[in-house]
Structure formats: C-alpha cells, structure tokens
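Below you'll find the structure, written out as structure tokens, and then a few comments.
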Amino acid sequence: MPITEIDPVAALVIIDLQKGIVAMAAAEGAANVVHHAANLARAFRKRGLPVVLVNVDKPAPGRTDAPRRSLDGLPPDWTEIVAELDPHATDYRITKHAPGAFLGTGLDQYLRQRNATQIVLAGISTTAGVESTARSAFDLGYHVVFASDAMTDTSAENHAHALEKIFPRFGEIDTTSAILAKLK
C-alpha cells in the first residue's frame with residue numbers, strides 16, 4: 001500500500017548507512033540508497049522532524065547456521081555514518097549490536113519523548129536491520145513507512161520478497177519522491 005499521509009510527528013530512521021556496510025553493499029546499489037536517504041534526511045530536518053542515524057558495531061554473540069561476515073580487516077572507521085548523509089548535531093545517533101534498532105537502545109524512549117507516532121525507514125539491509133526494526137516498531141504501535149528506493153539487500157530476490165510479501169503486513173511502502181511529496 002502506498003503512503004497515505006505523514007503523521008504530525010514522523011521520524012526518519014536510517015539503518016546502517018555506514019562506511020563499512022555501504023562499501024560491502026556497493027554492488028547492490030548502495031550509492032542510490034544513500035542518495036535517497038540523504039534527500040529524506042534533508043527534508044525531515046527542514047521540517048524539524050526527528051532524524052535517527054543508526055550504525056551497527058560488533059554483533060552480540062550467538063549461534064547461527066548462517067555464515068557471518070568477518071569483521072577482521074575492516075578499517076577502524078567502518079562504523080562511521082557516511083558523509084553523504086551530512087549528520088547534524090540534532091540527529092539522534094544509535095549504535096546497535098543486534099539487527100534491529102530498538103532492542104538494547106533508547107530509540108523507543110527517544111521517539112516517545114518527541115511524540116513520534118510514525119517512522120519512515122531506510123537503509124541496509126532490507127531483510128536484516130530494516131525488517132527487524134520495522135517488526136519492533138509495528139509491535140510498539142508506530143505507523144511504519146518503508147522508503148522502497150532508499151533501501152537495499154545483498155540479494156535482489158530477498159529485497160523484492162520483503163517489499164512484496166513481508167512489509168505490507170507492517171506498514172506502507174512507497175518511493176522517496178512520494179514520501180517527500182507528502183512532507184510538503
């Protein structure tokens with residue numbers, strides 16, 4: 001379902017658009033994702049709406065059958081938010097250690113203190129950080145909007161599956177330009 005409206009207090013939550021992740025996802029169109037996310041961030045800031053920049057650092061320990069990418073050899077600045085997002089002092093910054101941005105962070109408290117009722121999600125990767133954050137946001141009662149062209153995944157098939165089959169259960173899905181049009 002396309003976006004119907006922007007709530008009076010909507011927050012933009014950008015997941016893992018950091019140097020190390022963007023570099024790993026370059027083949028999946030990360031430059032376009034960053035471009036669209038940066039446009040959203042500028043528009044939200046201009047309206048005085050919250051912008052949340054989330055990065056991931058070493059994950060919590062745990063077993064999984066899925067192979068994990070090694071963090072060995074990554075440059076020391078791999079967790080820094082990409083410069084194209086032009087981070088502002090007013091942006092809320094979160095470093096997470098789990099796929100989603102809510103677990104173990106102050107994100108829910110921050111959003112509730114600002115009376116936010118809606119979040120617009122962007123970032124990498126669609127089926128990990130974005131999806132996990134969306135599920136928690138939905139469970140917590142937020143209206144969720146997915147900026148479809150401001151996210152990507154390491155698998156085009158998984159990205160499409162999330163947009164077509166999973167995300168409609170949790171919120172509205174639209175392009176950056178449609179979201180920007182509703183912000184005006």
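All of the numbers you see were taken from the coordinates with simple rules; none came from a lab. Since the model is a prediction, treat every value here as computed from it, not as a measurement. A quick note on method: Cβ atoms are made from the backbone with ideal geometry, for glycine too, and the neighbour counts reach across all protein chains shown.
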Need the C-alpha centroid separation for segment 69-141 versus segment 1-30, integer Å. 9
If you build a Gaussian network model of the chain, linking Cα atoms that sit under 10 Å apart, which residue out of A41, A150, A25 swings the most? A25
Output ³J(HN,Hα) for segment 85-101: one whole-Hz value per residue in order, computed from phi by the Karplus curve 6.51 cos²θ - 1.76 cosθ + 1.60 with θ = phi - 60°, and x for Gly and Pro. 6, 6, x, 10, 4, 7, 5, 8, 10, 10, 10, 10, 10, 9, x, x, 8
Please report the antiparallel percentage of DSSP beta bridges with both residues in the chain, rounded to the nearest 5. 5
Using alpha-carbon positions, the gyration tensor of segment 1-55 gives root eigenvalues a ≥ b ≥ c; with a/c under 1.5 called rounded, otherwise prolate if a/b exceeds b/c, else oblate, the class is prolate
Ranked by GNM mean-square fluctuation in the chain (Cα springs under 10 Å), the top entry among V82, V51, V120 is V82
Taking the alpha-carbon distance from K58 and a cut-off under 28 Å, which lysines remain once sequence neighbours fewer than 8 residues away in the same chain are dropped? K19, K96
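For R45 and L140, what is the calculated FRET efficiency with R₀ set at 35 Å and r taken between the beta-carbons, to the nearest 0.05?
Approximately 0.90, to the nearest 0.05.
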Given [x] 70; [y] 63; [z] 54, which label gives percent of Cα pairs over 19 Å apart as computed from the coordinates? [z]
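Explain nothing, just the number: dipole magnitude of the chain about its Cα centre with +1 on each Lys and Arg Cβ and -1 on each Asp and Glu Cβ, in debye rounded to the nearest 20.
460
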Springs between alpha-carbon pairs under 10 angstrom, Gaussian network model over the chain: which of L12, L163, L121 fluctuates most? L163
Segment 96-159 shape via C-alpha gyration tensor axes, a/c threshold 1.5: prolate
Among the trypsin sites (Lys or Arg not before Pro) within segment 66-165, which fall in a DSSP loop and have no more than 16 other Cβ atoms within 10 Å of their own Cβ? R68, R69, R114
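Work out, step by step, the length gained on full extension between A23 and H88: first 0.36 nm times the residue separation, then minus their alpha carbon distance; give nm to one decimal.
Working: separation 65, 0.36 × 65 = 23.40 nm, distance 2.21 nm.
Roughly 21.2 nm would be gained on extension.
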